[in-house]
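Visitor: Dropping a structure here in structure tokens format, bear with me for questions.
Just so it is clear, none of the values below were taken in a lab; they were calculated from the coordinates. A quick note: this is a predicted structure, and the numbers were derived from the prediction, not measured. Here Cβ is always computed from backbone atoms with ideal geometry, including for glycine, and neighbour counts include all displayed protein chains.
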Amino acid sequence: MDIFRIIGVGLLTCIVSTLIKVIKPEYFVVVIISGSMVILFMLIDSLSTIFSYFSILSSKAGIGYELFSTVLKVLGVGFLTEFASNICVDSGNASIGDKIILAGKVVIVCLAIPIITSLLGTITSLLP
Amino acid sequence: MDYNIILKIASIGILTAIVSQVLKNIGKDEIATFVTVAGLILCLLTVVNMISSLFDTVKQLFLIY
């Protein structure tokens, strides 16, 4: 993963989006979405190496696979909501971005409920 | 995924702007709006395809079923 290509694509997207904003305002959001898409696709393979490494670590450390997959789910939800809300804020309607962030938080809390119950179970079992 | 998708969408935008301008000058206003809407739909189709492939990769990567 070379950071220079990513920075180049990001700056290219900024320039092209400001250019296209003058000529055709409707295409501003489309260019921003496609630019951020390209950057995200550049990150996918390095992310997969990181996750495979951490899954090996967690299996060696004895942490349950269920726990690790929940953490990954929470990461994915946060990743996508961040992506969508920033695009909404860039295109001018910040209220929709905030609603997406709220929805992401709700989904993350729903995902975290089984972990909390297992945590409380272990705590109560520790008490004499 | 390489970066020329951004330039392609920008070129579609500029092309539709020019074509609709020309059509407006020769008096065909309805066709100009059709060209604008068609260009926008074309760009949205490419972006929707990219979004769907992003969601598929995120599903595989983050184990979200």
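Visitor: Using Cα atoms only, what is the angle between the long axis of helix B:4-25 and the major principal axis of chain B, expressed in degrees (0 to 90) to the nearest 10?
Guide: 20
Visitor: Would you please put A:105-115, A:12-22 in order of how densely packed they are, using the mean number of other Cβ atoms within 10 angstrom per residue and starting with the highest?
Guide: Details: A:105-115: 13.0, A:12-22: 16.9.
Taking the mean over residues of other Cβ atoms within 10 Å, the ranking is A:12-22, A:105-115.
Visitor: Using Cα atoms only, what is the angle between the long axis of helix A:3-23 and the major principal axis of chain A, expressed in degrees (0 to 90) to the nearest 10?
Guide: 50
Visitor: Counting Lys and Arg as +1 and Asp and Glu as -1, what is the net charge of the other residues whose Cβ lies under 12 Å from the Cβ of B:Ala10?
Guide: Overall, the nearby charge balance is +3.
Visitor: Structure shown: which of A:Lys99/B:Lys8; A:Lys21/A:Lys99; A:Lys60/A:Lys105; A:Lys24/B:Lys24; B:Lys8/B:Lys28; A:Lys60/B:Lys59 lie over 20 Å apart, alpha-carbon to alpha-carbon?
Guide: A:Lys99/B:Lys8; A:Lys21/A:Lys99; A:Lys60/A:Lys105; B:Lys8/B:Lys28; A:Lys60/B:Lys59
Visitor: Residues with beta-carbon under 15 Å from that of A:Ile115, excluding A:Ile115: net charge, scoring Lys, Arg +1 and Asp, Glu -1?
Guide: Details: positive: A:Lys73; negative: A:Glu66.
Once all neighbours under 15 Å are counted, the net charge is 0.
Visitor: Could you tell me how far the Cα centroid of segment A:17-87 sits from the Cα centroid of segment B:1-48, in Å?
Guide: Distance between centres, Cα-based: 29 Å.
Visitor: Angle between the Cα long axis of helix A:65-90 and the longest principal axis of chain A, 0 to 90 degrees, nearest 10?
Guide: Computed tilt is about 20 degrees.
Visitor: With unit charges on the beta carbon (Lys/Arg positive, Asp/Glu negative), name the residue among A:Ser48, A:Val109, A:Ser59 whose Cα is farthest towards the positive pole of the charge dipole of segment A:47-128.
Guide: Of the listed residues, the answer is A:Ser59.
Visitor: Once you have all Cα-Cα distances for the protein assembly as shown, histogram them in 10 Å bins from zero and send the whole-percent values.
Guide: Per 10 Å bin, starting at zero, the Cα-Cα P(r) for the protein assembly as shown comes out as 8, 26, 28, 18, 11, 5, 2, 1, 0 percent.
Visitor: Compute, for chain A, the length of the dipole vector about the Cα centre, with Cβ point charges of +1 (Lys, Arg) and -1 (Asp, Glu) only. Units Debye, rounded to 20.
Guide: Taking the Cα centre of chain A as origin, the dipole is about 60 debye.
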